[in-house]
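Working notes for the structure below.
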Amino acid sequence: MRGSSRARAINCSALVLTLDLQILGQRHKDLKNGLSAPPKLTPSSIADLATRWRWGIEMLQTKRRFFGNIVGHAKGVTDTANLASWTAEQFDPQLDWTKIARIRDLWGGKLILKGILDAEDARIAADFGADAIVVSNHGGRQLDGALSSIRMLPEIVAAVGDRVEIHLDSGIRSGQDVLKAIALGAHATWIGRAYIHGLGAMGEAGVTAAIEVIRKELDVSMALCGERDIGNVGRHNVLVPTEWATEYA
């Protein structure tokens, strides 16, 4: 609730509310790799620094980064050491449409609901008055075994049509991925890891470079499909197995 007030105060144009993070999923790779915030020096990470010494020296010379939008703003979070415990407290296992309505009313602006992976939830979101929904399985990190976003997209598009703007998230790694999503009915796609990798490698310039790579890939893919206008991309540009979009028993 406090976050929506801060966002409104700095004139954010839309609020994105994540629906599929009521509890933190069992992220096996994070557990295996010892992910923590802030990062901890372990025998494994020390070995990485020793075997990649050039990278290690460069990393030691970089500016210390922190979650500036949280540290110093959220109650009780004065440094990154408090961040993990604060994050754990933000999950709301009782999140429901009543609470979402309260957030919508307090926010008063455009509302995007992220984490839709079911046609019925998409219909509810459309009836609810969401300005857009994001078809997403949270990068496959929340519920292991959940169907991919692109697999569920056609069913969701068929369920809500043009009643709500449909975006797609999770698995977008290239311009061709963007093309496939648009062809199957998405109005837009989101990227996560691609720009994060660019940010980690080169900062702001890396983000720009990552987006440009995807843009060029999309441009080439459209050309090879005989399309010059993204508005003309549609189902005729992709072939999918007949059983791919059938309902599961």
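A short reminder: the numbers here are calculations on the coordinates, not readings from a lab. Keep in mind that this is a model prediction, so the values were computed, not measured. Please note: Cβ atoms are built from the backbone with ideal geometry, for glycine as well, and neighbour counts cover all protein chains shown.
Quick rundown of the values:
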{"read-out": "The one condition in (1) touching a residue at least 60 places away in the same chain (Cβ under 8 Å); (2) within 19 Å of residue 12 (Cβ to Cβ) that residue 130 fails to fulfil", "value": "(1)"}
{"read-out": "Unique residue being in a strand (DSSP E or B) and hydrophobic (A, V, I, L, M, F, W, C) when the list is 143, 111, 147, 153", "value": "111"}
{"read-out": "Pick from segment 103-118, criterion in contact (Cβ under 8 Å) with a residue 24 or more places away in the chain and out of contact with any Leu (no Cβ under 8 Å at 6 or more places or on another chain), ranking: surrounded by the fewest Cβ atoms within 10 Å (Cβ to Cβ)", "value": "108"}
{"read-out": "Any hit, segment 13-32, residues being closer than 30 Å to residue 123 by Cα, touching a residue at least 60 places away in the same chain (Cβ under 8 Å), small (Gly, Ala, Ser) and loosely packed, with under 11 Cβ neighbours inside 10 Å", "value": "yes"}
{"read-out": "The one condition in (1) farther than 26 Å from residue 139 by Cβ; (2) under 21 Å from the mean Cα position of the chain (by Cα) that residue 102 fails to fulfil", "value": "(2)"}
{"read-out": "Test set (1) without any contact (Cβ under 8 Å) to a residue 24 or more places away in the chain; (2) surrounded by 14 or more Cβ atoms within 10 Å (Cβ to Cβ) - residue 152 fails condition number", "value": "(1)"}
{"read-out": "Of the criteria (1) assigned to a helix (DSSP H, G or I); (2) over 30 Å from residue 58 (Cα atoms), which one residue 186 fails", "value": "(1)"}
